[in-house]
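Peer 1: Please read through the structure below; I'll follow up with questions.
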Amino acid sequence: MKNRHVSSRLDDSRSAATQFNSPEEYYRKQYFKFLDSAISSVNSRFSQPGMDLACKMESVLLGAATGKETDVDDITSVVDFYGNLDKERLMSQLEILGLPVSFCINISST
């Protein structure tokens, strides 16, 4: 691979240019640089402040819809966030949400 000289007008660092012994080394460095950037972007995207609450809401709704037991701490977090929800009413509505699923399962097993 041909070594290139960077113009002194463009090079602020005044350091020696990185030299690669083969194209594989150059592309390996580029690949890992890209991979680090992609991982960093994904991590920052999914560590947003509202992501934890969104996961808890999803857990509550999916758990209720599939008839699984819902974590009371998740329900409490959702109720605390919105403030104007009645926890007992929400829990009874979540139970009703799971009824059609259990009804369909009972019909198909007979």
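Peer 1: Let me spell it out: the conditions are (1) charged (D, E, K, R); (2) at pLDDT 90 or above; (3) surrounded by 13 or more Cβ atoms within 10 Å (Cβ to Cβ), and D71 meets all of them except one. Which number is the exception?
Peer 2: For D71, the failing item is (2).
Peer 1: Oh, and also: Quick one: which residue in G63, G67 is small (G, A, S), in a helix (DSSP H, G or I) and assigned by TED's automatic domain parsing to the domain that holds L99?
Peer 2: Among G63, G67, only G63 is small (G, A, S), in a helix (DSSP H, G or I) and assigned by TED's automatic domain parsing to the domain that holds L99.
Peer 1: Right, here's the next one. Quick one: would you say G98 is at pLDDT below 85, over 21 Å from the mean Cα position of the chain (by Cα), surrounded by 12 or more Cβ atoms within 10 Å (Cβ to Cβ) and part of a helix (DSSP H, G or I)?
Peer 2: Here the answer is yes, as G98 does meet what is asked.
Peer 1: A further question follows. When the residues of the range 7-31 are narrowed to those that are surrounded by 10 or more Cβ atoms within 10 Å (Cβ to Cβ) and part of a loop (DSSP other than H, G, I, E, B), which ends up modelled with the lowest pLDDT?
Peer 2: Among residues in the range 7-31 that are surrounded by 10 or more Cβ atoms within 10 Å (Cβ to Cβ) and part of a loop (DSSP other than H, G, I, E, B), the one modelled with the lowest pLDDT is D11.
Peer 1: Still on this model: Pull out all pairs, ordered by first then second residue, where Cβ-Cβ is under 7 Å, the residues are six or more apart or on different chains, the first lies in the range 32-58 and is assigned to a helix (DSSP H, G or I), and the second is modelled with pLDDT under 95.
Peer 2: Cβ pairs passing all conditions: L53/S77; L53/F81; K56/D74; K56/S77; K56/V78; M57/V78.
The values are calculated or read from the model by the stated rules, or taken from the named source; none is laboratory data. Because the structure is a prediction, the values reported are computed rather than measured. All Cβ positions, even for glycine, are placed from backbone atoms using ideal geometry, and neighbour counts span all protein chains on display.
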